[in-house]
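Working notes, beginning with the structure itself.
The values are calculated or read from the model by the stated rules, or taken from the named source; none is laboratory data. A quick note: this is a predicted structure, and the numbers were derived from the prediction, not measured. With ideal geometry, Cβ positions are generated from the backbone for all residues, glycine too; neighbour counts draw on all protein chains shown. We work out accessible area using only protein heavy atoms, side chains counted, and drop any ligands, DNA or RNA first. Shrake-Rupley method; radii C 1.70, N 1.55, O 1.52, S 1.80 Å.
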Amino acid sequence: MPPRISTDPVTWLSAEDVAVDFTLPPGTAPAGRQALATARLVIFVGLTGSGKSATVTALAETGAVRAVLPDRRAVTDRIILPAMTGNPDRPVTDRIERFRLTAAFRDAHPGGMGDVLERLTVDRDAAEGWLAGGWLVFDGVRGPAEVAAAARLPNAVFAVLEAPPEVRVARLSLRGDPFDRASLDGGDMTEDPGGAADYLRALREHEVGTLMQEETMLRLARLLSDAGADPAAVASAAAIVVEESRYYDTGPAIAVLQDRAPGRTVIVDTAENPVADVVSAISARLMDAG
C-alpha cells in the first residue's frame with residue numbers, strides 16, 4: 001500500500017483559483033499572488049483514457065498530496081482559449097475549434113501547457129494552508145514540447161501513464177465501468193463479429209484500425225458488445241482516441257523525460273497494473289524525491 005505521509009485534507013482547486021500573466025517572466029507573480037513554478041508538483045503525462053483521473057483521485061487519498069490543481073481541460077478553458085479568442089466569456093465546445101485554438105496557442109507559446117505551468121499563480125493568502133508540506137497534482141501535459149517546458153520546473157515529478165489504444169477506447173466507452181482486460185488478449189477469435197457487428201462498424205468508421213491490428217479490433221468490438229456499451233459512447237470514444245493520436249504520442253514525451261528528468265520520472269502501464277499498484281509506484285518516487 002502507498003505510504004501515508006499526512007492526514008491533512010486535500011484541497012481541490014477550481015479553474016477560478018488559478019491565473020497566468022503572460023507579460024511576466026516565468027516563476028514570477030503579481031502582487032498578492034504566489035507562483036507555483038518552484039512548488040513540489042506531481043505532473044501526469046498520458047493520453048485520454050490512460051487512467052489519469054482514477055490515479056489522481058487515489059493518489060490524493062494517500063496523504064502525500066496537499067492540493068489538486070484544476071485539470072488540463074479546465075486550465076485550457078480558463079487560460080488558453082480566452083488568450084486566443086480574446087473573450088473569456090465565450091465557451092469553446094467544438095472539438096475541432098479547440099484543437100485549432102490550442103495549436104495556435106502552441107505557435108505563440110511553444111511549450112504549450114508547460115509554459116502555462118511555469119507562470120501559473122494562486123492567491124497567496126489562500127495558498128498558505130496547503131502550499132507547504134505536501135505535493136500538488138496536475139493532470140496533465142502531453143507531447144515532447146510541453147514535457148520539455150515542464151521539465152524546467154525544478155521540483156516537479158512526472159508520472160507517465162501508458163495504456164494501449166484498445167484499452168483506452170474501452171475505458172472511455174464504458175465510462176469507467178470495469179471490464180475484463182484479458183478478453184483483449186489471446187483466445188480464439190473468428191472473423192465473424194456476431195452481435196458485435198455494430199460496434200465493429202463504429203470502430204472502423206472512425207479509423208480505429210489505424211491504431212491496432214484487425215484481430216484486436218474484433219476483440220474490442222466483442223468486449224463492448226458483451227458489456228452492453230452505448231454505441232454512441234463507443235463512436236465518441238473512438239473519435240477521441242484516433243483524433244488525439246494525430247496530435248500526441250507518448251513515446252517522444254517519454255524520451256524527453258528520460259533525457260532531462262530521469263530521476264524525477266516514473267512510467268507505469270495502467271493496462272497491466274491496478275490503480276493501487278500505480279499509486280504505489282508514484283508514491284515511492286515521491287518518497288525518493290523527499
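Nearest 10 degrees is fine. How inclined is helix 250-260 to the longest principal axis of the chain, computing both from alpha carbons? Helix 250-260 and the main axis of the chain meet at about 40 degrees. A simple spin-label model places pseudo-atoms 7 Å from Cα toward Cβ; at residue 236 and residue 23 they are separated by 4.0 nm. Over the chain, the fraction of Cα-Cα pairs per 10 Å bin, rounded to whole percents and listed from the shortest bin up, is 6, 27, 32, 23, 9, 2, 0. With the largest listed first and rounded to whole Å, the semi-axes of the equivalent ellipsoid of the stretch 91-163 from the Cα gyration tensor are 25, 16, 13. Of the solvent-accessible surface of the chain, computed with a 1.4 Å probe over protein heavy atoms with every protein chain present, carbon and sulfur atoms account for 50 percent. Peptides 48-61, 111-124, 26-39, ordered by how many other C-beta atoms sit within 10 Å of their residues on average, highest first, read 111-124, 48-61, 26-39. Each residue, residue 31 and residue 214, gets one label point 7 Å from its Cα in the Cβ direction; the gap between the two is 7.0 nm.
With a simple spin-label model that places each label point 7 Å from the Cα along the Cα-to-Cβ direction, the separation between residue 281 and residue 258 comes to 1.4 nm.
With the cut-off at 1.5 for a/c, could you classify the stretch 1-109 from its C-alpha gyration tensor as rounded, prolate or oblate? Oblate shape, in that a/c is at least 1.5 and b/c is the bigger or equal ratio.
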